[in-house]
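Undergrad: Okay, handing you the structure first.
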Amino acid sequence: DVKVTQSSRYLVKRTGEKVFLECVQDMDHENMFWYRQDPGLGLRLIYFSYDVKMKEKGDIPEGYSVSREKKERFSLILESASTNQTSMYLCASRGQLNTEAFFGQGTRLTVV
Amino acid sequence: AQTVTQSQPEMSVQEAETVTLSCTYDTSESNYYLFWYKQPPSRQMILVIRQEAYKQQNATENRFSVNFQKAAKSFSLKISDSQLGDTAMYFCAFMKRGNYGQNFVFGPGTRLSVLP
């Protein structure tokens with residue numbers, strides 16, 4: 001089974017903190033994605049990566065950065081957390097020859 | 001840019017009945033894929049069904065089937081014999097067909113409750 005693992009299910013951080021959300025997949029997938037999920041807005045793409053050290057901005061990259069130093073790991077970084085970044089964050093991966101995306105269980109981040 | 005619309009924020013259905021969730025999309029692409037993903041209370045997103053736009057035949061997966069109308073840019077999901085385990089958020093999603101780096105565009109979701 002494909003497994004996408006996010007480092008935390010719940011996280012509480014203070015305004016201004018630097019926050020790291022980690023995602024690891026075990027199926028050698030080329031593509032990895034970070035989405036933000038908010039009620040009524042669905043999933044919105046923050047960043048994606050199609051190869052090691054490659055990254056592309058999604059629809060809402062402001063306030064976020066990413067790192068992909070190894071193929072299996074894709075990190076989302078909030079440089080200075082703000083309350084409007086309180087949300088559910090979902091990581092996903094997809095093989096280059098596949099259409100199906102596999103998701104982690106999400107990290108519910110609260111910034112206070 | 002592609003957009004995906006789901007006009008029903010919430011729906012409910014009695015157990016064993018049939019329910020249809022609506023999805024429309026906007027794109028100028030001719031080759032693409034459409035998906036329905038399910039997110040139960042556990043938060044684990046699961047692929048329900050996938051449709052390739054170049055295929056005219058509607059996809060089916062057991063109790064789940066789609067009505068794909070390419071000209072109308074409509075992609076509805078029918079769930080037959082609804083079960084309590086079908087209670088979840090359902091997201092319609094679009095992906096361009098391409099060589100690499102293709103990403104998904106999701107709709108806002110429909111919250112489905114199956115009532116005993």
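The values are calculated or read from the model by the stated rules, or taken from the named source; none is laboratory data. Here the structure is a predicted model, which means the values were calculated and not measured. No Cβ is skipped: glycine too gets one built from the backbone with ideal geometry, and neighbour counts run over all protein chains shown. These area figures cover heavy atoms from the full protein model, side chains too; ligands, DNA and RNA do not enter into them. Shrake-Rupley method; radii C 1.70, N 1.55, O 1.52, S 1.80 Å.
Undergrad: Taking the stretch B:27-57 on its own, how many of its residues are open to solvent by less than 20 Å² (accessible area, probe 1.4 Å), among the hydroxyl-bearing types (Ser, Thr, Tyr), within 14 Å of chain A (Cβ to nearest Cβ) and more than 11 Å from the chain's Cα centre (by Cα)?
TA: 1
Undergrad: Moving on to the next point. Suppose we keep only residues that are in a loop (DSSP other than H, G, I, E, B) and away from chain B (no Cβ under 14 Å) within the stretch A:72-102. Which one would you say is most open to solvent (accessible area, probe 1.4 Å)? Don't jump to the end; show me each part of the working.
TA: Restricting attention to the stretch A:72-102, the residues satisfying the condition of being in a loop (DSSP other than H, G, I, E, B) are A:72, A:79-82, A:86, A:95-101.
In the following step, the residues that additionally are away from chain B (no Cβ under 14 Å) were identified as A:72, A:79-82, A:86.
Numbers: A:Glu72: 76, A:Glu79: 95, A:Ser80: 73, A:Ala81: 3, A:Ser82: 36, A:Thr86: 53 Å².
Looking at the filtered set, the residue picked out is A:Glu79.
Undergrad: In the stretch A:31-42, how many are open to solvent by 10 Å² or more (accessible area, probe 1.4 Å) and facing chain B (nearest Cβ under 7 Å)? Steps first, answer last, please.
TA: Step one: list which residues in the stretch A:31-42 are open to solvent by 10 Å² or more (accessible area, probe 1.4 Å), which gives A:36-41.
If we keep only those that are facing chain B (nearest Cβ under 7 Å) as well, we get A:40-41.
Looking only at that region, the number is 2.
Undergrad: I'd like to check something: does the stretch A:1-10 contain any residue that is farther than 16 Å from A:Leu109 by Cβ, open to solvent by less than 60 Å² (accessible area, probe 1.4 Å) and part of a strand (DSSP E or B)?
TA: Taking the stretch A:1-10 first, the residues farther than 16 Å from A:Leu109 by Cβ are A:1-5.
Filter once more, keeping what is open to solvent by less than 60 Å² (accessible area, probe 1.4 Å): A:2, A:4.
Those left that are additionally part of a strand (DSSP E or B): A:4.
Yes, the conditions are met somewhere in the stretch A:1-10.
Undergrad: Next question. List the residue pairs whose Cβ atoms are under 6 Å apart, where the first residue sits in the stretch B:23-52 and is without any contact (Cβ under 8 Å) to a residue 60 or more places away in the chain, the second is among the basic types (Lys, Arg) and open to solvent by 40 Å² or more (accessible area, probe 1.4 Å), and the two are 6 or more positions apart or on different chains.
TA: Final answer for the pair search is B:Thr24/B:Lys73.
Undergrad: In the stretch B:66-116, what residues are more than 11 Å from chain A (Cβ to nearest Cβ), assigned to a loop (DSSP other than H, G, I, E, B) and touching a Phe, Trp or Tyr at 6+ places or on another chain (Cβ under 6 Å)?
TA: Scanning the stretch B:66-116 gives a single hit, B:Lys73.
Undergrad: With the requirement that a residue be in contact with a Pro (Cβ under 7 Å, 6 or more places away or on another chain) and without any contact (Cβ under 8 Å) to a residue 12 or more places away in the chain, what does the stretch A:1-57 give you? Write out each step before concluding.
TA: Looking only at the stretch A:1-57, we keep the residues that are in contact with a Pro (Cβ under 7 Å, 6 or more places away or on another chain), and these are A:40-42, A:46-47.
Selection gives A:Gly40, A:Leu41, A:Gly42.
Undergrad: Of (1) out of contact with any Lys or Arg (no Cβ under 6 Å at 6 or more places or on another chain); (2) facing another protein chain (nearest Cβ under 8 Å); (3) outside any strand (DSSP E or B), A:Gln105 satisfies all except one. Which?
TA: Result: A:Gln105 fails condition (1) only.
Undergrad: Sticking with this one: Among the listed residues B:Thr24, B:Thr60, B:Thr18, which satisfies the condition of being more than 12 Å from chain A (Cβ to nearest Cβ), surrounded by fewer than 19 Cβ atoms within 10 Å (Cβ to Cβ) and over 14 Å from the mean Cα position of the chain (by Cα)?
TA: Step by step, each of B:Thr24, B:Thr60, B:Thr18 is checked, and only B:Thr18 is more than 12 Å from chain A (Cβ to nearest Cβ), surrounded by fewer than 19 Cβ atoms within 10 Å (Cβ to Cβ) and over 14 Å from the mean Cα position of the chain (by Cα).
Undergrad: Being over 15 Å from A:Ala92 (Cα atoms), open to solvent by less than 40 Å² (accessible area, probe 1.4 Å) and outside any strand (DSSP E or B) is the filter here; which residues of the stretch A:45-67 pass it?
TA: Listed by number, the residues that qualify are A:Ile60, A:Pro61.
Undergrad: Mind checking which residues of the stretch A:53-83 are under 21 Å from A:Val111 (Cα atoms) and among the polar types (S, T, N, Q)? Let's see the steps before the verdict.
TA: Let us first name the residues in the stretch A:53-83 that are under 21 Å from A:Val111 (Cα atoms), namely A:60-66, A:75-83.
Matches in the stretch A:53-83: A:Ser65, A:Ser75, A:Ser80, A:Ser82, A:Thr83.
Undergrad: If you go through the stretch B:100-116 one residue at a time, do you hit one that is charged (D, E, K, R), more than 17 Å from B:Thr27 (Cα to Cα) and either open to solvent by 20 Å² or more (accessible area, probe 1.4 Å) or touching a strand residue (DSSP E or B) at 6+ places or on another chain (Cβ under 9 Å) (or both)?
TA: At the first step, the residues of the stretch B:100-116 found to be charged (D, E, K, R) are B:111.
Then keep just the ones that are more than 17 Å from B:Thr27 (Cα to Cα); that gives B:111.
Next, only the ones that are either open to solvent by 20 Å² or more (accessible area, probe 1.4 Å) or touching a strand residue (DSSP E or B) at 6+ places or on another chain (Cβ under 9 Å) (or both) stay: B:111.
Yes, the conditions are met somewhere in the stretch B:100-116.
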